[in-house]
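Take a look at the structure below.
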Amino acid sequence: MIKVPITESNPTVITAENALAVKEKMIKHFPKEPLYYVYMDHEQCFFEILVNDIPAFRYFQDGGIMSPVLLNNFIAKSGKQKITYRLYPQTTRENGDGFKTLTPYTRFNISLYSRDNVDSLTSFDKQIKILEHTNLKKEDGKTFIGAGLPYYEYTVEFNASVPYEQSPSLENALDLRTMNKELLEKKTLEAYTYFSKLISDKNKDQYFSLVFNSDMRQLQSEYYTPEHLKVNGMDDLFYFDTPSFKLEPLENYATKIYGEGKLVCLEHTSTDTRLKGRSSMWGKYDAEEGGVRVRFLRILLYIPKGKDSFEIW
C-alpha cells in the first residue's frame, strides 16, 4: 500500500456527494452563539492579523478596509486568546517602491466586538465592545513607536466564551519545531504536491475527505445554517467546476510554522506584495467579467500525536 503524505480521521466516509449532508447533521446550535470580530483602523502600513499564532487575515492593498474580520475559526475553546498584528511599510505592488520603513504617521488601531449569532436581526444593535487598542506612541505622544522599522509586531489578549470545543485539538498535535528542518520541508512539499495533484486530477472525493475536518471546524465555530452550508459547498466545487482554473507550479516558497509550533505551510518568498506571504499553492482562471483572476489555497498542516503523516487543520 502506497503511503500518502496527507491522511484524514473523519467520523465517517466522506465523498463529494455526501459531504454537505454529513456537515448539516453534525453542526450543533446553542442557546447563545457568540461571534467575535475585529475592525481595523490603519494608515500608511500593510498588515497581517494572527489569532493564537494562526494567520487569520492579511491586507496588502492601498486604501482602508471597512469590513470586520471574524475570529471564531481560530478560537479553539473558551479562555484567553491572543490577537497579533504585524505591520509592514506600504509599498507599490509590483516593484516595491514606496516606504522602506514604517513612518512616524503609521497608525493601526483595533476594535474587538462580540455579538450573539442567534439574535441575527438585532445582534449588531446589541454588540458589545470587548477591547479597544490604539497603537503605541513614542515619548512625544505623536510619533508611532515603530517608526523607522521595516516591521513591527504587537499582541493583545482577551477572554472568549464559546459553547464549543474544536476537535481535533492542536493540543494533541506534535510540536514541529522539534523536527529536523530539512525533513519538515521535504514532508510539507510532498503534502502540497499531493494535494495539488488531487485538484489537477479532479479527484473530488479525496479532496472533500481531506478538507472535511477543516471545514467542520469553521462551520461549527461560526454556527453555519443550512443556507450558508450550500454556499460553502459551492465554493469547494470551484476548483473542479471551473474549466479554466489551473494551478501554478510550486516554487519560490519557504516553510513557515504557526500555531505555536503545531502548524506548517509553504508561503511565497516573492517581494511582490501580491504574492509575498501568500500560500505557494495558487492558480489562475478566466473571470466571467473578463480578465484573469487568481485564487490562493492556504492549507495548514499538523501531525496528530501517534501519527507520522499530516492532516489538514
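The values are calculated or read from the model by the stated rules, or taken from the named source; none is laboratory data. Note that the coordinates shown come from a computational prediction; the quantities given were computed from them, not determined experimentally. FYI the Cβ positions are ideal-geometry reconstructions off the backbone, even for glycines, and counts take in every protein chain you see.
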Looking only at region 155-187, count every residue that is assigned to a helix (DSSP H, G or I) and exposed (fewer than 12 other Cβ atoms within 10 Å of the Cβ) and tell me the total.
5
Go through region 287-313 and give me each residue that's within 20 Å of SER196 (Cβ to Cβ), in contact (Cβ under 8 Å) with a residue 24 or more places away in the chain and more than 17 Å from the chain's Cα centre (by Cα).
ILE303, SER309, PHE310
What single numbered condition from (1) at pLDDT below 95; (2) in contact with a His (Cβ under 7 Å, 6 or more places away or on another chain); (3) not basic (Lys, Arg) fails to hold for VAL156?
(1)
Please state which one of ASP286, ASP235 is among the acidic types (Asp, Glu) and out of contact with any strand residue (DSSP E or B) (no Cβ under 9 Å at 6 or more places or on another chain).
ASP235
Restricting attention to region 16-31, the residues that are assigned to a loop (DSSP other than H, G, I, E, B) and either hydrophobic (A, V, I, L, M, F, W, C) or surrounded by 13 or more Cβ atoms within 10 Å (Cβ to Cβ) (or both) number exactly 4
Flag for SER9 being assigned to a loop (DSSP other than H, G, I, E, B), assigned by TED's automatic domain parsing to the domain that holds TYR113 and among the polar types (S, T, N, Q):
no
Can you find a residue in region 69-83 that is modelled with pLDDT under 95 and basic (Lys, Arg)?
no
Select from region 261-313 the residues that are at pLDDT below 90 and among the charged types (D, E, K, R) and write down the one among them that is farthest from THR188 (Cα to Cα).
GLU289
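For every residue, the table says whether it meets (1) at pLDDT 95 or above; (2) assigned by TED's automatic domain parsing to the domain that holds CYS265; (3) farther than 30 Å from LYS305 by Cα; (4) not hydrophobic (A, V, I, L, M, F, W, C).
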position: ASP97; (1), (2), (3), (4): no, no, yes, yes
position: LEU112; (1), (2), (3), (4): yes, no, yes, no
position: ILE130; (1), (2), (3), (4): yes, no, yes, no
position: HIS133; (1), (2), (3), (4): yes, no, yes, yes
position: TYR152; (1), (2), (3), (4): yes, no, yes, yes
Suppose the filter is out of contact with any helix residue (DSSP H, G or I) (no Cβ under 6 Å at 6 or more places or on another chain), surrounded by 12 or more Cβ atoms within 10 Å (Cβ to Cβ), hydroxyl-bearing (Ser, Thr, Tyr) and assigned by TED's automatic domain parsing to the domain that holds ASP235; does SER200 pass it?
yes
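For (1) closer than 30 Å to PRO89 by Cβ; (2) under 14 Å from the mean Cα position of the chain (by Cα), each residue gets a yes or a no:
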residue	(1), (2)
THR7	no, no
LYS32	no, no
TYR39	yes, no
LEU71	yes, yes
